[in-house]
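Written out below as structure tokens is the structure these notes cover.
The values are calculated or read from the model by the stated rules, or taken from the named source; none is laboratory data. Only a predicted model underlies this, so the values are computations on that prediction, with no experimental measurement involved. Note that we place each Cβ from the backbone using ideal geometry, even for glycine, and neighbour counts take in every protein chain shown.
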Amino acid sequence: MPAVIPPPDPLAGTLPHMTAGKIKRRLIAGFGANTFSRLATTLTQILSVPVFLSHWGGRLYGEWIILNTIPTYVGLSDVGFGSVAGNEMTMLASADRLDEALTVFQSVWVLTTAVSALVGAALLGAIWFLPLNSWLNLSALSVRDVRLIMLLLSLAILLGMQENLFQQAFRCVGKYPMGTLAKSLVVLAAFAGTMVGVLLGMSPLGVTIVYVTANVFGVLALWLLLRRQVPWIRFGVRRAEMASIRRLASPAFSFMSFIVVNSLNLQGILVIIGHVMGPIAVVTFSTARTISRSAAQGMLLINNSVWPEMSAAFGVGDIGLARRLHRRCCQLSLLLCLGITGLAALFGNWIWRVWTIREVPTDRVLLFIMLAQMILSAFWFTSSVVPISVNKHQRIAKAMLGASVAALVLAWLLMAHTRAGLRGAALALTFADLATAWYVVHDSLKLVQDNLGDFTRSLFDISALRRLWAKPGLPTAS
């Protein structure tokens, strides 16, 4: 269980770094940094599709997508320690317990480095002998190229484990916007190198080398920036403690469920589609999902901005602030989702055809099902920040994992044994979101000491939005 941090009662929430003005500035800065990050991600998704399709064609691009999905599971070797360490470091730092926060950082850094080395060694032996081409139905790429691409992409994921811990160190001292902005610049640099490689006619292996090289230099740059901006964060083993690892183990393993759920929903479903229906169907589903998930980008923006402040609010025992943050952010998420999905319903099919330069089959019904799934997600996605930010997410993690596994089984049955096709896969994921919503919202309301009736009414209280940035109250004043 996470460390129990006694609130500075009776002055809970009044530490200098928890004043209304500073919270407001951090939220604005975090929102801006996340906006840039989301725009960078969206830009890479939008531009990459026509470039890849026009230079590689549907078959090779489909195989490239499949190869990019598999290495993401390497990231599960982090077992969620980076994220739960970030939560605890933020709660400790908000209570001015920097020595203990450094102990958590070094303990998890030692663990992450050791695990990365072991996983890398295991991959070197395993990938080289597995029949990946036959397992994944790949024919456009040679066996040698597939193996090298998988190894290089896995190396990038392992580097990302270090990068994730660096991001948590920025977050715990209120410099989350700086870390996010720096990470976004690394993403853009890697994307630019990849696009230049494709446009110059490089092979998939050559493009992969460019991508991984950019990420290596990006991780080094983030490391140097962290040492400069957060001097009390030091790399080493002197303060590392096995006790910290054991304390974080339970929430970390539960947090891994979220990573598994995300991988199953985003990459696992593509692997199943590729196995049942082939690479062209993978491209169709992937591009449709990108359009439908335009609303998810906005929800991620809200989640990532409020996450550090939620951890800090619990760190100083200010449940009232946590409750107000939860209500207002859920309201913004729902309204944003409804607006974006409405526009996507009107223009999404046209955008889909133009974006894919008419090289990919489109399905309006498939797109509508995916948009409905996004609206369901709005009811629980932002709410999940509450238990996640304080490492009390074990119950919802189990529920989400069970729902996701059931959804993949249902998707396979619908695609393989009915005429539902890709629509069946989308319906299966929608049912998983419906089941997840109940567990997430229930647990979040319990943690912020709220009730379903008041919370539901707050979602439709438009007058609260007009006072969102009112002075002298908090930016989330209700």
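Please give the number of the condition Arg358 fails out of (1) outside any loop (DSSP other than H, G, I, E, B); (2) without any contact (Cβ under 8 Å) to a residue 12 or more places away in the chain.
(1)
Within the stretch 49-65, does at least one residue satisfy the condition of being at pLDDT 80 or above, within 20 Å of the chain's Cα centre (by Cα) and either surrounded by fewer than 18 Cβ atoms within 10 Å (Cβ to Cβ) or among the hydrophobic types (A, V, I, L, M, F, W, C) (or both)?
Looking through the stretch 49-65, at least one residue is at pLDDT 80 or above, within 20 Å of the chain's Cα centre (by Cα) and either surrounded by fewer than 18 Cβ atoms within 10 Å (Cβ to Cβ) or among the hydrophobic types (A, V, I, L, M, F, W, C) (or both).
Counting only residues that are farther than 30 Å from Met400 by Cβ and touching a residue at least 12 places away in the same chain (Cβ under 8 Å), how many does the stretch 218-261 have?
Selection size over the stretch 218-261: 17.
Quick check on Ser305: is it surrounded by 19 or more Cβ atoms within 10 Å (Cβ to Cβ) and either aliphatic (A, V, I, L, M) or farther than 20 Å from Asp443 by Cβ (or both)?
Spelling it out, Ser305 is indeed surrounded by 19 or more Cβ atoms within 10 Å (Cβ to Cβ) and either aliphatic (A, V, I, L, M) or farther than 20 Å from Asp443 by Cβ (or both).
Could you tell me which numbered condition Leu459 fails, if it satisfies all but one of (1) modelled with pLDDT under 90; (2) within 24 Å of the chain's Cα centre (by Cα)?
Only one criterion is unmet by Leu459, namely (2).
Glu359 fails exactly one of the following numbered conditions: (1) surrounded by fewer than 22 Cβ atoms within 10 Å (Cβ to Cβ); (2) within 21 Å of Gly268 (Cβ to Cβ); (3) not basic (Lys, Arg). What is the number of that condition?
Tallying (1) surrounded by fewer than 22 Cβ atoms within 10 Å (Cβ to Cβ); (2) within 21 Å of Gly268 (Cβ to Cβ); (3) not basic (Lys, Arg), Glu359 fails exactly one: (2).
Restricting to the stretch 27-46, count the residues that are within 23 Å of Ser263 (Cα to Cα), of a type outside the set (S, T, N, Q) and in contact (Cβ under 8 Å) with a residue 40 or more places away in the chain.
Here the count works out to 4.
Read through the list (1) in a helix (DSSP H, G or I); (2) in contact (Cβ under 8 Å) with a residue 24 or more places away in the chain, then give the number of the only condition that Asp450 fails.
Checking Asp450 against (1) in a helix (DSSP H, G or I); (2) in contact (Cβ under 8 Å) with a residue 24 or more places away in the chain, the one that fails is (1).
Go through the stretch 368-385 and give me each residue that's over 16 Å from the mean Cα position of the chain (by Cα) and under 16 Å from Arg328 (Cβ atoms).
Residue satisfying the conditions is Phe379 alone.
Looking only at residues in the stretch 386-408 that are among the polar types (S, T, N, Q) and assigned to a helix (DSSP H, G or I), which one is farthest from the chain's Cα centre (by Cα)?
Gln394
Please go through (1) modelled with pLDDT under 85; (2) assigned to a helix (DSSP H, G or I); (3) not polar (S, T, N, Q) for Arg323 and return the number of the only condition it doesn't satisfy.
(1)
For the subset of the stretch 411-437 comprising residues that are out of contact with any Gly (no Cβ under 7 Å at 6 or more places or on another chain), surrounded by fewer than 18 Cβ atoms within 10 Å (Cβ to Cβ) and free of Cβ contacts under 8 Å to residues at least 24 places away in the same chain, which member is nearest to Thr362 (Cα to Cα)?
The selected residue is Ala420.
Which condition number in (1) modelled with pLDDT of 90 or more; (2) crowded, with 20+ Cβ neighbours inside 10 Å; (3) assigned to a helix (DSSP H, G or I) is the one that Ser383 fails?
The single condition Ser383 does not satisfy is (3).
Taking Arg395 as the residue in question, decide whether it is without any contact (Cβ under 8 Å) to a residue 60 or more places away in the chain and more than 30 Å from Ala288 (Cβ to Cβ).
yes
What is the one condition in (1) touching an Asp or Glu at 6+ places or on another chain (Cβ under 6 Å); (2) free of Cβ contacts under 8 Å to residues at least 12 places away in the same chain; (3) not hydrophobic (A, V, I, L, M, F, W, C) that Ser107 does not satisfy?
The failed condition is (2).
How many of the residues in the stretch 361-374 are assigned to a helix (DSSP H, G or I) and touching a residue at least 60 places away in the same chain (Cβ under 8 Å)?
7
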